[in-house]
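Q: A single structure is presented below for examination.
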Amino acid sequence: MCHAFLSESSFYQFLFHIDQDIANQAQLKGCVHCGGRLHVAHYPRKPRGMLCTRDGTYESRLSYCCANDHCRRRCTPPSVRFLGRKVYLSSIIILVLAMEHGLSTNRRKRLIERLDLYPQTLSRWRQWWRRVFPNSHCWQANRGYFIPPVDHAQFPGALLGRFTGNDLLQRLCQLLHLLIPMTTTSWSGSLKG
Ligand SMILES: [Zn+2]
């Protein structure tokens, strides 16, 4: 099944390790405003729609606070797991929406039930992908790489299909990487890897 990895804890660990690596890089660079040292100040999170037991790594969004008394500003590094303050993992929503045309109605219904997704939630995400994302700075900066143009009405599935990874997991990671600038408003910088 194309979404089998949603039930594997290794998938969630994999994304967590990427977030950890991004966060480590951000912490090493220090405060983007004053260059001060960054102290750990993770945000508590209760993400929904995960198919396997959690080990606690998803109960926080990695974040820092500047240690400089005159600054004290927040630095929340980008994430491949959390899109802003939204409670559903970006990867889950991308896959469920991308599967809209490929799964039988019953199978899709069962998956949505297992993920604890409300129809309204899915519909809001569909709107985000088809109305908000196409107008975002992030997409405007990247759209030129996709020729012929991707049909916004088919987002995110059509976009996922344009990546060149060997399998669905690789293509998903490429799409999550493209989304990275949209996952935070309190950090800017370049990332390695
Ligand atoms: Zn600072």
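Q: Residues being β-branched (Val, Ile, Thr) and in a loop (DSSP other than H, G, I, E, B): count how many of those fall in the stretch 73-99.
A: Counting residues in the stretch 73-99 that are β-branched (Val, Ile, Thr) and in a loop (DSSP other than H, G, I, E, B) gives 3.
Q: Of all the residues that make up the stretch 31-59, how many are within 16 Å of the ligand (Cβ to nearest atom), in contact with a strand residue (DSSP E or B) (Cβ under 6 Å, 6 or more places away or on another chain) and either at pLDDT below 95 or not in a strand (DSSP E or B) (or both)?
A: Within the stretch 31-59, residues that are within 16 Å of the ligand (Cβ to nearest atom), in contact with a strand residue (DSSP E or B) (Cβ under 6 Å, 6 or more places away or on another chain) and either at pLDDT below 95 or not in a strand (DSSP E or B) (or both) number 3.
Q: With the structure loaded, tell me whether residue 75 is touching a Cys at 6+ places or on another chain (Cβ under 7 Å), without any contact (Cβ under 8 Å) to a residue 60 or more places away in the chain and not aromatic (Phe, Trp, Tyr) or whether it fails that test.
A: Judged against the criteria, residue 75 is not a match.
Q: Determine whether the stretch 60-69 contains at least one residue that is of a type in the set (Ser, Thr, Tyr), more than 16 Å from the ligand (Cβ to nearest atom), touching a strand residue (DSSP E or B) at 6+ places or on another chain (Cβ under 7 Å) and without any contact (Cβ under 8 Å) to a residue 24 or more places away in the chain.
A: Looking for residues that are of a type in the set (Ser, Thr, Tyr), more than 16 Å from the ligand (Cβ to nearest atom), touching a strand residue (DSSP E or B) at 6+ places or on another chain (Cβ under 7 Å) and without any contact (Cβ under 8 Å) to a residue 24 or more places away in the chain, one finds at least one in the stretch 60-69, hence yes.
Q: Here is a follow-up. Among the residues of the stretch 78-122, which ones are acidic (Asp, Glu) and on the phi < 0 side of the Ramachandran plot?
A: Across the stretch 78-122, the qualifying residues are 100, 113.
Residues are listed down the side, and each one gets a yes or a no for (1) more than 15 Å from the chain's Cα centre (by Cα); (2) within 28 Å of residue 163 (Cα to Cα); (3) among the basic types (Lys, Arg):
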residue: 37; (1), (2), (3): yes, no, yes
residue: 69; (1), (2), (3): yes, no, no
residue: 82; (1), (2), (3): no, yes, no
residue: 94; (1), (2), (3): no, yes, no
residue: 123; (1), (2), (3): yes, yes, no
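Q: Can I ask one more? Residues that are crowded, with 16+ Cβ neighbours inside 10 Å and on the phi < 0 side of the Ramachandran plot: list the helices (runs of 4 or more DSSP H) wholly contained in the stretch 137-193 that include at least 3 such residues.
A: 157-160, 168-179
The values are calculated or read from the model by the stated rules, or taken from the named source; none is laboratory data. Quantities reported herein were computed from a predicted structural model and do not represent experimental measurements. Quick reminder, even Gly has a Cβ in these numbers, built from the backbone with ideal geometry, and neighbours come from all protein chains shown.
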